[in-house]
Amino acid sequence: MKTQYYTASSLDGFIATEDHSLEWLFPLAELESTSYPNFISEVGALAMGSSTYEWLLRHVVKFDTSDESAWLYSQPAWVFSRRKLPVPAKADIRFVQGDVQPIHTQMKEAAGEKNIWVVGGGDLAGQFFDAGLLDELIIQIGSVTLGSGKPLFPRYVPSPTLRLHSVQRFGDGMVELRYDVNKKD
């Protein structure tokens, strides 16, 4: 069981635009042609920030519209938010706030032998890192620059904390970098 930060980033290190948009990502590769299908099959619990959750509700689920579709995940999701947000039908959403450590314990119980996915954002992944809970970073770098936006991983991480594990190319627009987090004992 691992706690993984699986995300996509622009060449200049942003996971979303200033207004939280991910539209830049979709032309770069078909989801089914990336590592995502295998990755998600090994996930037992998810953590995400409220901006990520709200973007999914607006742009993917299209919550409370005539085009509304089902929630994307069968796994339970812990959404870090101080606000009360809507929940799609049949979605296992748990709103939480505060320290990631006790919530990670709950997530491990729910995930069983499967992995925990820190979906986004970068600061939330950084909180898991700061608490010594992050095991792996899986970053798909897209062949675009955004100029500004939401940073990939807003932390100072000196060498040799991250060890490059593998590199994989997906078409002409994406490359995936996998890093193991070398935890200090």
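The values are calculated or read from the model by the stated rules, or taken from the named source; none is laboratory data. On a predicted model such as this, the values are computed, not experimentally measured, just so you know. Methodologically, a virtual Cβ is constructed for each residue, glycine included, from the backbone with ideal geometry; neighbour enumeration extends over all protein chains shown.
I'm told Ile141 meets every condition in (1) touching a helix residue (DSSP H, G or I) at 6+ places or on another chain (Cβ under 6 Å); (2) crowded, with 16+ Cβ neighbours inside 10 Å except one. Can you identify the failing condition by its number?
For Ile141, the failing item is (1).
Just checking, how many residues over the stretch 1-23 are modelled with pLDDT of 95 or more, among the small types (Gly, Ala, Ser), on the phi < 0 side of the Ramachandran plot and not in a strand (DSSP E or B)?
So the count comes out to 1.
Restricting the stretch 1-36 to residues that are more than 13 Å from the chain's Cα centre (by Cα) and among the polar types (S, T, N, Q), which is surrounded by the most Cβ atoms within 10 Å (Cβ to Cβ)?
Top of the filtered list is Ser10.
Are there strands (runs of 3 or more DSSP E) fully within the stretch 24-114 with at least 2 residues that are closer than 25 Å to Asp12 by Cβ and touching a residue at least 40 places away in the same chain (Cβ under 8 Å)? List them. Walk me through how you get there before you give the answer.
Values: elements: 43-49, 77-80, 93-96.
Because the criterion is at least 2 residues that are closer than 25 Å to Asp12 by Cβ and touching a residue at least 40 places away in the same chain (Cβ under 8 Å), the strands (runs of 3 or more DSSP E) in the stretch 24-114 that meet it are 43-49.
So which residues in the stretch 139-183 are farther than 22 Å from Ala29 by Cβ, in a loop (DSSP other than H, G, I, E, B) and in contact (Cβ under 8 Å) with a residue 24 or more places away in the chain?
Ser148, Pro154, Arg155, Val157, Lys183
Do the conditions hold for Phe128, that is, is it crowded, with 18+ Cβ neighbours inside 10 Å and either assigned to a loop (DSSP other than H, G, I, E, B) or of a type in the set (Asp, Glu) (or both)?
Details: crowded, with 18+ Cβ neighbours inside 10 Å: yes; either assigned to a loop (DSSP other than H, G, I, E, B) or of a type in the set (Asp, Glu) (or both): no.
So Phe128 fails the test.
For Phe39, work out the one condition from (1) aromatic (Phe, Trp, Tyr); (2) closer than 24 Å to Gln140 by Cα; (3) in contact with a Ser or Thr (Cβ under 7 Å, 6 or more places away or on another chain) it doesn't fulfil.
Unmet for Phe39, out of (1) aromatic (Phe, Trp, Tyr); (2) closer than 24 Å to Gln140 by Cα; (3) in contact with a Ser or Thr (Cβ under 7 Å, 6 or more places away or on another chain): (3).
What tally of residues in the stretch 37-77 results from selecting those that are buried (at least 18 other Cβ atoms within 10 Å of the Cβ), closer than 23 Å to Glu176 by Cα and touching a Phe, Trp or Tyr at 6+ places or on another chain (Cβ under 8 Å)?
Result for the stretch 37-77: 6.
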